[in-house]
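The block underneath contains the structure these notes are about, expressed in structure tokens.
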Amino acid sequence: MSYCKEPELTGRIVFPGKPQYSAARQEFNSFFNKFPLVIVYAQETQDVINAVHWARYRDVPIRVRSGGHSYEGLSVVDAGIVIDVSDMTQTEVDHECGTVKVQTGLRNFALYRKLGSEGLVVPSGVCATPGIAGVTLGGGHSILSRPWGLTLDNLLELEMVDANGHVLHASADHNADLFWASRGGGGGNFGICTSFLFRTHRIDNVGFADIRWDLQDLESVLQVWQYYTTPCVDERLTPTLLLLSGAQESSLIMQGVFLGSAKELRYLLNPLLKAGSPRKVTIEEIPWLDAVDRIASSQPESPLPFKSVGPYLYNLLPDEGITTIRLFIDAPPPSCTVSVFLHGLGGAVARVPNDATAYFYRKALSNMSIFATWSAPEGAALGIRWVEEFRWAMQHYTKGVYVNTTDLSIKDWPNAYYSCNFERLTQIKAKYDPENVFNFPQSIPPSNC
């Protein structure tokens, strides 16, 4: 691209030396410590366009950020520009069409609350603070996945600024290849998304379950819990299971949202209630937004140093697989708290073919997030090693990795994230970003590279 003069940056601009720079450059994963040349908080699409032109003129690397939850800190870069859309949070509900148009800086639970006050929902994750852009572009596992699919399954249209600063729109009827790639290809690969149009669902009260055991009941609980992810179980329930081990607390927590009554839910969960010796049981019918708050309470909301990765489970775990989990969860490294978060999938997710969107792992029963955080610097190497060794030990029982849980230690990442869909993604990349302007570690390369 050629310019007569240097393009001007617009929006809320943060340069090094400004008081807000230190906070602005931080990621949710505080393990990473990078120093961008400039951070642009876009207020509107034109600010994104101007930032792209500025970056191209100066030939500096671009990183795209919505919520800043990139597991490997990939939405910030040294000596480059961060184009951050987190100030763009407008929503526009069309009740007649049953849709909502949202700017891509909105956070998961902010979207829940904005829509929930009107009795509506778009399934969008279990953690409160990730940006809706990254969640959607990579997939979007939510507490409503089994009845209503992934977040990306509810996406109808998107607006994107490409590498030339042009505004593109993509849907099933327009730029359909880009729309396909943007549903599971992961954030930051093809351009900078500035708005999404989603299908909404009506929601009011829901059945909510929170059952807690001591960690000694892991085997008996996990044996039963995993059956709730199979095709024969009521799809109105999306179950999760958290195994937590550390110096401060060790516990086993099942949570789930059910699109039905508490009475039906209790009957459905009866086999799980008989597993082990539950020390606390909550099964009740509550407003949807109350369930949102309770789900959020078991997830981290403040920045912290961590290592995490999320492979998929396609089959019920045999005894040997459960024993492997027991061995790792019982041996957290010094200064570390570790966990495994199992998120039930299937249902509406599995009814979509593997190649219908870029998100390949449709037939998985659940996703397994292996997580370690540390309270002292010396815990970092130990926590990272624990996660990597755990992932390797589980490879007999897992398949692939969720692209929203990037792990730079994975060598065959194209196959791990995208499987058979990778080649088509590189072809679409070559069409929409042939010069590979939007590149970062493990980004999708154009097919001509």
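In region 408-428, which residues are buried (at least 17 other Cβ atoms within 10 Å of the Cβ) and more than 15 Å from residue 361 (Cβ to Cβ)?
Listed by number, the residues that qualify are 424, 426, 428.
Taking the stated definitions as given, is residue 341 under 21 Å from residue 69 (Cα atoms) and not in a loop (DSSP other than H, G, I, E, B)? Working first, answer last.
Working: under 21 Å from residue 69 (Cα atoms): yes; not in a loop (DSSP other than H, G, I, E, B): yes.
Yes.
List, please: which pairs have Cβ atoms under 9 Å, are six or more places apart or on different chains, and start with a residue in region 383-399 that is among the hydroxyl-bearing types (Ser, Thr, Tyr) and end with one that is surrounded by fewer than 16 Cβ atoms within 10 Å (Cβ to Cβ) and at pLDDT 95 or above?
397/314; 397/315; 397/318; 397/320; 398/314
When you look at residue 275, is it more than 24 Å from residue 367 (Cα to Cα) and either outside the structural domain of residue 372 (by TED's automatic domain parsing) or aliphatic (A, V, I, L, M) (or both), yes or no?
On the way: more than 24 Å from residue 367 (Cα to Cα): no; either outside the structural domain of residue 372 (by TED's automatic domain parsing) or aliphatic (A, V, I, L, M) (or both): yes.
No.
Rundown of residues vs (1) modelled with pLDDT of 95 or more; (2) surrounded by 14 or more Cβ atoms within 10 Å (Cβ to Cβ), yes/no style:
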{"position": "277", "(1), (2)": "yes, no"}
{"position": "299", "(1), (2)": "no, yes"}
{"position": "320", "(1), (2)": "yes, no"}
{"position": "342", "(1), (2)": "yes, yes"}
{"position": "350", "(1), (2)": "yes, yes"}
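Out of the residues in region 103-141 that are charged (D, E, K, R) and more than 15 Å from the chain's Cα centre (by Cα), state the one that is farthest from residue 151 (Cα to Cα). Give the steps one after another, and end with the answer.
Step one: list which residues in region 103-141 are charged (D, E, K, R), which gives 107, 113-114, 118.
Narrowing further to those that are more than 15 Å from the chain's Cα centre (by Cα): 113-114, 118.
Details: 113: 16, 114: 16, 118: 19 Å.
The extreme case among them is 118.
Could you grab the pairs with beta carbons closer than 6 Å, sequence gap of 6+ or different chains, first residue in region 357-375 and over 17 Å from residue 421 (Cβ atoms) and assigned by TED's automatic domain parsing to the domain that holds residue 341, second one at pLDDT below 95 and surrounded by fewer than 23 Cβ atoms within 10 Å (Cβ to Cβ)?
374/335; 375/335
Within region 275-300, take every residue that is basic (Lys, Arg) and not in a loop (DSSP other than H, G, I, E, B) and give me the one that is nearest to residue 225 (Cα to Cα). Break it down stepwise before answering.
Let us first name the residues in region 275-300 that are basic (Lys, Arg), namely 279-280, 294.
Going one step further and asking which of them are not in a loop (DSSP other than H, G, I, E, B), we end up with 280, 294.
Working: 280: 16, 294: 20 Å.
The qualifying residue nearest to residue 225 (Cα to Cα) is 280.
Can you name the residue in region 251-274 that is surrounded by fewer than 20 Cβ atoms within 10 Å (Cβ to Cβ) and aliphatic (A, V, I, L, M) and is also nearest to residue 142 (Cα to Cα) among such residues? Can you show your working first?
Narrowing region 251-274 to residues surrounded by fewer than 20 Cβ atoms within 10 Å (Cβ to Cβ): 251, 253, 260-264, 266-267, 270-271, 273-274.
Okay, now just the ones that are also aliphatic (A, V, I, L, M), so 253, 262, 273.
Details: 253: 17, 262: 20, 273: 23 Å.
The residue in question is 253.
The values are calculated or read from the model by the stated rules, or taken from the named source; none is laboratory data. Because the structure is predicted, anything quoted here is derived from the model rather than measured. Positions of Cβ are generated from backbone atoms using ideal geometry, with glycine treated the same way; all protein chains shown enter the neighbour counts.
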